[in-house]
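Enquirer: What follows is a structure written as structure tokens; I'll ask about it next.
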Amino acid sequence: QVKLVESGGGLVQPGGSLRLSCAASGFTVSLYIMKWYRQAPGKERELVATIRPQGDSIINADDMKGRFTISRDNTKNTVYLQMINLKPEDTAVYYCHRPTRNYWGQGTQVTVSS
């Protein structure tokens with residue numbers, strides 16, 4: 001069955017970097033649009049990034065452009081979210097999502113704090 005497992009979150013200081021992973025099973029990630037979302041405490045879930053089967057990608061918010069990169073390793077069937085120059089406002093639970101049939105991972109916590 002379809003499964004998405006995020007990892008790579010943690011506590012990082014402002015200005016630091018993290019790479020989140022979304023390991024997929026039960027399907028081939030390169031055949032689907034894949035997305036990263038995040039949800040901060042008390043806020044709605046927001047779209048962070050999208051990668052399409054063709055490999056092109058979109059970072060959703062201007063504040064994330066230049067700091068966040070979505071990518072995919074077809075050999076590992078894994079989607080990544082590379083985040084640099086992290087800010088306290090990036091603190092959230094980050095989720096991997098396959099829109100087709102609405103599959104979600106369990107999320108991984110990212111905390112940016114000194």
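The values are calculated or read from the model by the stated rules, or taken from the named source; none is laboratory data. Note that this is a predicted model, so its numbers are computed, not measured. Neighbour counts run over all protein chains shown; Cβ positions are idealised from the backbone, glycine included. Heavy atoms of the whole protein, side chains included, go into the accessibility calculation; ligands, DNA and RNA do not. Shrake-Rupley method; radii C 1.70, N 1.55, O 1.52, S 1.80 Å.
Enquirer: Compute the FRET efficiency between Gln1 and Thr111 as 1/(1 + (r/R0)^6), taking r as their Cβ-Cβ distance and R0 = 30 Å, and round to the nearest 0.05.
Expert: Working: r = 31 Å, r/R0 = 1.03.
E between Gln1 and Thr111, to the nearest 0.05, is 0.45.
Enquirer: What is the set of long-range amide H partners of Lys87 at a cut-off below 5 Å, with H atoms built 1.01 Å from backbone N?
Expert: Result for Lys87 returns Gly15.
Enquirer: If r is the Cβ-Cβ distance from Arg101 to Lys65 and R0 is 35 Å, what FRET efficiency results, to the nearest 0.05? Intermediate results must be reported in sequence, preceding the final value.
Expert: Numbers: r = 29 Å, r/R0 = 0.83.
The value I calculate is 0.75.
Enquirer: Just how many pairs of Lys in the chain have C-alpha atoms closer than 27 Å, counting pairs that are eight or more places apart or on different chains?
Expert: 11
Enquirer: Restrict the search to the range 1-94; then list the trypsin sites (Lys or Arg not before Pro) that DSSP places in a loop and that have at most 16 other Cβ atoms within 10 Å of their Cβ. Let's see the in-between values first.
Expert: Working: sites: Lys3, Arg19, Lys35, Arg38, Lys43, Arg45, Lys65, Arg67, Arg72, Lys76; in loops: Lys43, Arg45, Lys65, Arg67, Lys76.
For trypsin sites (Lys or Arg not before Pro) across the range 1-94 that sit outside H, G, I, E and B with at most 16 neighbouring Cβ atoms in 10 Å, the list reads Lys43, Arg45, Lys65, Arg67, Lys76.
Enquirer: ³J(HN,Hα) across the range 59-71 via Karplus (A = 6.51, B = -1.76, C = 1.60, θ = phi - 60°), whole Hz, x for Gly/Pro?
Expert: Karplus-based 3J(HN,Hα) across the range 59-71 equals 9, 6, 9, 4, 5, 8, 5, x, 10, 10, 9, 9, 8 Hz.
Enquirer: What ³J(HN,Hα) values, in whole Hz, does the Karplus curve 6.51 cos²θ - 1.76 cosθ + 1.60 give for the range 48-56 when θ = phi - 60°, with x put for Gly and Pro?
Expert: 9, 7, 9, 10, 9, x, 5, x, 6
Enquirer: While we're on this one: Classify the range 70-114: rounded, prolate or oblate, from the alpha-carbon gyration tensor (a ≥ b ≥ c, eigenvalue square roots; a/c under 1.5 rounded; otherwise prolate if a/b is larger than b/c)? Walk me through the numbers on the way to the answer.
Expert: Working: a/c = 2.97, a/b = 1.60, b/c = 1.85.
Oblate, since a/c reaches 1.5 and b/c is not below a/b.
Enquirer: With the contact rule set at Cα under 8 Å and sequence spacing of 6 or more, what percent relative contact order holds for the range 7-61?
Expert: Numbers: 60 pairs, mean separation 13.0, N = 55.
Dividing the mean separation by the residue count of the range 7-61 yields 24 percent.
Enquirer: Further question on the same structure: Rounded to the nearest 20 Debye, what is the dipole magnitude of the chain about its Cα centre when Lys and Arg each give +1 and Asp and Glu each give -1 at the C-beta? Before the final figure, lay out each step's value.
Expert: Working: 14 positive and 9 negative charges, 63 e Å.
Roughly 300 debye for the chain.
Enquirer: OK, next. What does the net charge come to around Gln1 if you take all other residues with beta carbon closer than 13 Å to its beta carbon, with K and R at +1 and D and E at -1? Mind showing how you got there, number by number?
Expert: Values: positive: Lys3, Arg98, Arg101; negative: none.
Its environment carries a net charge of +3.
Enquirer: Hey, how much of the P(r) for the range 2-114 falls beyond 26 Å, as a percent of Cα pairs? Let's see the in-between values first.
Expert: Details: 751 of 6328 pairs.
More than 26 Å apart: 12 percent of the Cα pairs in the range 2-114.
Enquirer: Right, something else. Counting Lys +1, Arg +1, Asp -1, Glu -1, what net charge surrounds Leu81 among other residues with beta carbon under 12 Å of its beta carbon?
Expert: Spelling it out: positives minus negatives among the neighbours equals +3.
Enquirer: Next question. Using Cα pairs closer than 8 Å and at least 6 residues apart in sequence, work out the relative contact order for the range 1-96, in percent. Display every interim value, and only then the final one.
Expert: On the way: 201 pairs, mean separation 32.5, N = 96.
Rounded, it is 34 percent for the range 1-96.
Enquirer: On to the next question. Compute the accessible area per residue over the chain, keeping the other protein chains in place, probe 1.4 Å, unit Å². Don't jump to the answer; show the numbers that get you there.
Expert: Details: 6020 Å² over 114 residues.
Spelled out: the 1.4 Å probe surface of the chain, per residue, equals 53 Å².
Enquirer: Percent of accessible area on the chain owned by carbon and sulfur, 1.4 Å probe?
Expert: 47 percent
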